[in-house]
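Student: Next up is a structure, given as structure tokens.
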Amino acid sequence: MVAQPQAVSSTAIFYPESDGQPMADNTQQFRWIVILKENLEILFADQPDVFVAGDLLWYPVEGNSRLCQVPDVMVVLGRSKADRGSYQQWKEENLAPQVVFEIVSPSNTSLEMSRKLLFYQRYGVEEYYQYDPELNDLVGCQRQEGALVEIEQMQDWVSPRLGIRFDCTAETLVVYGPNGERFLTPVELAQQRDQALKAVEAERQRGDRLAARLKELGVDPESI
């Protein structure tokens, strides 16, 4: 009897957690990846079932470790925020990332970006956004009848899934959250936090001075 080849168990397959490529080719690309990833995490901070990741390997099919893509930023609505070494879709109730962002760098070829688009189309992405900061060019695609179709007008486009709005100015891309606030860099976020803390401290000191003045006048501040 001829021995039949044994099927390889998918549990024995190794799924790398890195593609060996740098997260970004330059500071501009890296800055945009961070802006999108961090602000989206802040946007969905109170929703435990929204997973946001940057530069994470996504494996859509169990048993095929060569079939993967590394979105610059991806959002999965309906999955927990738990840490992952990679996004293995079959372990995630087979939910594909609904929204994907790619920041184009000078090393990206048109063929490479086309292949990424086809991958996202084939494996279930609903919204795909591609921004080239060097050319200040934004392209968006939305799933229609099984295909990712280019959005004709990106100016003031609002993501159906995320509720964020894109403003394409002459100088750069500006992204606004559903509350109308602009997506900020980490430095701007830190400055905003520091300003808020300073305002709170200034108000506390004003209250202390007022209480001290009332005591000088023989008035109990607690009676007011």
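The values are calculated or read from the model by the stated rules, or taken from the named source; none is laboratory data. This structure is a prediction, so every number in the text was calculated from the model and none was measured. All Cβ positions, glycine included, derive from the backbone under ideal geometry; neighbour counts span all protein chains shown.
So that you can scan it fast, the table gives a plain yes or no per residue for (1) β-branched (Val, Ile, Thr); (2) loosely packed, with under 10 Cβ neighbours inside 10 Å; (3) modelled with pLDDT of 80 or more; (4) assigned to a helix (DSSP H, G or I):
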position	(1), (2), (3), (4)
LEU138	no, no, yes, no
GLN155	no, no, yes, no
GLY163	no, no, yes, no
VAL174	yes, no, yes, no
VAL187	yes, yes, yes, yes
GLY207	no, no, no, yes
ALA211	no, no, no, yes
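Student: Name the one entry in ALA147, ALA82 that is within 17 Å of GLY54 (Cα to Cα), small (Gly, Ala, Ser) and at pLDDT 95 or above.
Tutor: Details: ALA147 fails: within 17 Å of GLY54 (Cα to Cα).
Matching residue, one of ALA147, ALA82: ALA82.
Student: Could you please let me know if VAL139 is closer than 21 Å to GLY54 by Cα and of a type in the set (A, V, I, L, M, F, W, C)?
Tutor: Details: closer than 21 Å to GLY54 by Cα: yes; of a type in the set (A, V, I, L, M, F, W, C): yes.
Criteria met by VAL139.
Student: Checking GLU112 against (1) surrounded by fewer than 20 Cβ atoms within 10 Å (Cβ to Cβ); (2) within 17 Å of the chain's Cα centre (by Cα), only one condition comes out false. Which one?
Tutor: (2) is the only condition that GLU112 fails.
Student: While we're looking at this one, here's another question. I'm trying to understand the selection: among the residues of region 140-182, which are under 27 Å from GLY124 (Cβ atoms) and either outside the structural domain of TYR120 (by TED's automatic domain parsing) or among the basic types (Lys, Arg) (or both)?
Tutor: ARG143, ARG161, ARG165
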